[in-house]
């Protein structure tokens, strides 16, 4: 089947204690272990694999890598071949290269982001178990996020120099990894320059998003919540904990997601979002947002620019 | 209401030379945090975590206490010469600063446009 879903994100943080407090007590993830190099591992209560977040100590913020899980170990060999046919250099790492994971296939996206594919990761199970489970576990903290849902990457786009790594990433993910396009923003005199691409392998509107920026970096990582009311409550949690909110609760036009954005203590942007928007399928007609409707696509209610949202990255 | 005369919270004046703005900042608040809370716009507001770098400023006068700032945005040499991220700088005296961050030009242009009206 190839790529199933997002597996984890490895983040750089500048104050590990503050980061642990944020991801455990504000986002409400469960601490599941420490890696061989002191990495701190976390998962959402509704996830079964051992971790979806890796925190690493650094002198700067940002993302080390993003990893997606494939269904079968043999998929790694097939996808490695496809990536190489496409002209992308790959490295197959032995089991254990990623903490508690089997073999890991590494490559670098045209935008410069590091990515791994893996098939096996130690499983510890959902917090509610699998026999006659309750709908939610007791003792959840903060927003009580269910799972890491997607990542949005800021990708270098510089039309004057002929650089568009949003388009290049899109083509690679479509042709070598079997991702589908759900929504896009097209700009330029002929409205044919793809500067935003939302892509999926699951049945949700996006498992990864590519957004344009002067340089590449992390735009945000996003966690799933059930409902609009959970988004409101997430806002309360941020205020209670003096977390810097970037965008208060609102709705996106693109994906229809109900959302709130905020920053972790190192400045990495987080989102909690609710509503799966719609059922994404390989044969779903692609949704296009025009250049003059981009802000309506981003913030559906106001349709107005909020420069830090598009410009601030780590 | 302004209770600063009661001396309950120690506050210092921060002055932004680029826009000729002044505002008060309590010792417990970052320069950027205090500015944003007052609805002022002289320094670009970003992540407030020392990670994104858009609030980069040069301290010209005064003392600040700093916390973690991304080396990707403030080099060791810059830090030694008083360059800080305003979101991670806490005043310990009256401060005079100039903006060096990402959107510096836009802000100065905006302020000039406003003052010429």
If each part is reduced to its alpha-carbon centroid, the range B:63-100 and the range A:1-76 end up apart, in Å, by 30
Contact order normalised by length for the range A:148-311, with contacts defined as Cα pairs under 8 Å and 6 or more residues apart; what percent is it?
24
Cα-only Rg/Rh for the range A:181-314 with Kirkwood Rh rounds to 0.96
Test of understanding: extend the Cα→C-beta vector of residue A:311 to 7 Å, then name every residue of the range B:39-62 with backbone N under 20 Å from that spot.
B:39-59
What do you get when you divide the Cα radius of gyration of the range A:3-118 by 2.2 N^0.38 Å, with N the number of residues?
1.10
With each run of n ≥ 4 DSSP H residues scored as -39500 (n - 2.57), what mean residue ellipticity at 222 nm is computed for chain A after dividing by its residue count and rounding to the nearest 500 deg cm²/dmol?
-5000 deg cm²/dmol
For Cα pairs less than 8 Å apart in space and 6+ apart in sequence, what is the mean separation divided by the residue count of chain A, i.e. the relative contact order in percent?
17
Those residues of the range A:135-159 whose amide nitrogen sits under 18 Å from the label point placed on residue A:245, 7 Å along Cα→Cβ
A:142-145
Is there a simple number for the mean count of other chain Cβ atoms within 10 Å of the Cβ of residues in A:53-60, and what is it?
3
Please rank A:187, A:88, A:166, fewest neighbouring Cβ atoms within 10 Å first, as an exposure proxy.
A:88, A:187, A:166
Counting only other chains, and only Cβ atoms inside 10 Å, what mean value do you get across the residues of A:259-268?
5
What are the extents of the Cα atoms of chain A along their three principal axes, in Å, largest first?
54, 46, 43
Using a 10 Å cut-off around each Cβ of peptide B:37-50, what is the average number of partner chain Cβ atoms that fall inside?
5
Extending each Cα 7 Å along its Cβ direction at residue A:74 and residue A:140, get the distance between those two points in nm, one decimal.
3.9
Ranked on Cβ counts within 10 Å of their own Cβ, fewest leading, A:51, A:300 go A:300, A:51
If each of residue A:228 and residue B:100 carries a label point 7 Å out from its Cα toward its Cβ, how far apart are those two points in nm?
4.7
In whole Å, what is the distance between the alpha-carbon centres of the range B:30-52 and the range A:98-161?
31
Which order results if A:90, A:203 are arranged by neighbouring Cβ count within 10 Å, fewest first?
A:203, A:90
Expressed in nm to one decimal, what extension gain is obtained for the pair residue A:300 and residue A:25 from 0.36 nm per residue of sequence separation less their Cα-Cα distance?
96.0 nm
At a 10 angstrom cut-off on C-beta neighbours, averaged per residue, how do the peptides A:97-109, A:284-296 rank from highest to lowest?
A:97-109, A:284-296
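Just so you know, all these numbers are worked out from the coordinates, no wet-lab data involved. Just so you know, these numbers come straight off a predicted model, no measurement behind them. All Cβ positions, even for glycine, are placed from backbone atoms using ideal geometry, and neighbour counts span all protein chains on display.
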